[in-house]
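Asks: Quick one: structure below, then a few questions.
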Amino acid sequence: MEKPVALIVEDDRDIVALFRHVLDIAGYHTEIVLNGIEAMERVETMLPNIVLLDLQLPGMSGVEILRRMRADERMSSIPVVVITAYAPYADSLPVEPDLLLLKPVDINQLSSLVQRLQATQGAMREPAHDKITGLYTYSFFTVRLAFSLERVKQTGLRRFGVLFADVAQTSLLKKQMSDGEFNTFYRKLADQFRITLRPTDTMAWSPTDGVFLTLIEDIPNPEAPLRIAGRVRDGMKKFVEDNDQGLGLRVNLGVLLCDEDYEDIQKILHDIQRARALLQDRQYTSPAIFDREMINSRQ
């Protein structure tokens with residue numbers, strides 16, 4: 001099996017040695033670049049699975065590299081871990097990285113990050129976008145989810161949410177449609193899901209169970225997730241009602257709030273499935289907000 005590729009863009013050779021050691025043990029093929037201009041060229045040609053990026057580089061800054069990556073469709077989905085000694089500078093970045101590591105980097109922290117990402121290595125080698133909906137694939141979503149969980153574990157202060165939505169009774173709809181018509185239904189439904197969210201949000205679809213997902217990275221107040229969920233539900237609901245064909249199609253939508261106490265993303269994905277089941281059984285009204293304690297209390 002081909003190894004995932006990690007590009008280390010850092011001009012401190014001691015830090016490079018540390019990163020390379022941890023990533024080699026984890027099964028990555030690592031490449032090292034010390035200059036910003038060369039790093040940009042390597043990212044464009046090799047499209048690595050992950051980039052560890054210092055901000056202070058000769059030739060071209062890490063900030064400019066990150067900006068160019070996010071602006072280019074081929075590179076925008078590559079996970080980027082920014083490494084810097086200046087926390088205030090990192091907070092003012094014009095483009096947000098997937099994760100931030102502050103120097104001096106703790107080897108245990110780095111090892112923990114790599115271990116969590118190992119569960120998503122297969123996803124990092126697969127295409128990032130679903131062919132039917134144009135949204136991110138479910139497997140790629142798990143990569144972003146791993147970074148979001150690691151971020152809250154580092155800060156201990158922030159929570160994030162996972163918004164999920166599906167349509168009840170689509171199995172009946174599929175029986176009345178050809179495969180092409182059914183795919184068109186989901187593509188147009190994905191458009192309704194997309195237009196009510198920010199273009200920069202990580203929006204995904206799982207063809208296995210027809211669930212739409214997105215990360216809510218910033219939760220400024222407790223009411224924010226519910227407002228977002230209500231807006232998404234209203235957009236999807238109108239489309240579903242217009243295409244109901246007398247089948248009683250219904251949008252089930254909720255948000256799972258996630259904090260640092262989640263051990264790994266598998267626990268998060270498990271709780272999302274439980275929350276979906278509660279909505280499908282109409283034990284909660286859509287949209288509903290869930291957290292770990294609520295899910296556990298229903299067992």
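Asks: List, please: which pairs have Cβ atoms under 6 Å, are six or more places apart or on different chains, and start with a residue in the stretch 28-51 that is in contact (Cβ under 8 Å) with a residue 60 or more places away in the chain and under 14 Å from Arg74 (Cα atoms) and end with one that is open to solvent by 10 Å² or more (accessible area, probe 1.4 Å) and part of a helix (DSSP H, G or I)?
Replies: Matching pairs, first to second residue: Asn49/Met124.
Asks: Could you run through the stretch 235-266 and say how many residues are in a helix (DSSP H, G or I) and loosely packed, with under 15 Cβ neighbours inside 10 Å?
Replies: Total satisfying the criteria: 4.
Asks: Also: Do you know which residues across the stretch 1-27 are more than 17 Å from Leu53 (Cβ to Cβ) and among the β-branched types (Val, Ile, Thr)?
Replies: Ile25, the sole residue that qualifies.
Asks: Would you say Arg231 is touching a Ser or Thr at 6+ places or on another chain (Cβ under 6 Å) and surrounded by fewer than 17 Cβ atoms within 10 Å (Cβ to Cβ)?
Replies: Against the criterion (touching a Ser or Thr at 6+ places or on another chain (Cβ under 6 Å) and surrounded by fewer than 17 Cβ atoms within 10 Å (Cβ to Cβ)), Arg231 qualifies.
Asks: Moving to a separate point now. If I ask for residues that are open to solvent by 40 Å² or more (accessible area, probe 1.4 Å), at pLDDT below 90 and under 19 Å from Leu145 (Cα atoms), which ones from the stretch 173-207 would you list?
Replies: Within the stretch 173-207, Arg198, Pro199, Thr200 meet the criteria.
Asks: Counting only residues that are in a helix (DSSP H, G or I) and open to solvent by 50 Å² or more (accessible area, probe 1.4 Å), which one in the stretch 267-291 is modelled with the lowest pLDDT?
Replies: Among them, the one singled out is Gln280.
The values are calculated or read from the model by the stated rules, or taken from the named source; none is laboratory data. None of these values were measured; they are calculated from a predicted model. Here Cβ is always computed from backbone atoms with ideal geometry, including for glycine, and neighbour counts include all displayed protein chains. Protein only, heavy atoms only, side chains kept; ligands, DNA and RNA dropped before computing areas. Shrake-Rupley method; radii C 1.70, N 1.55, O 1.52, S 1.80 Å.
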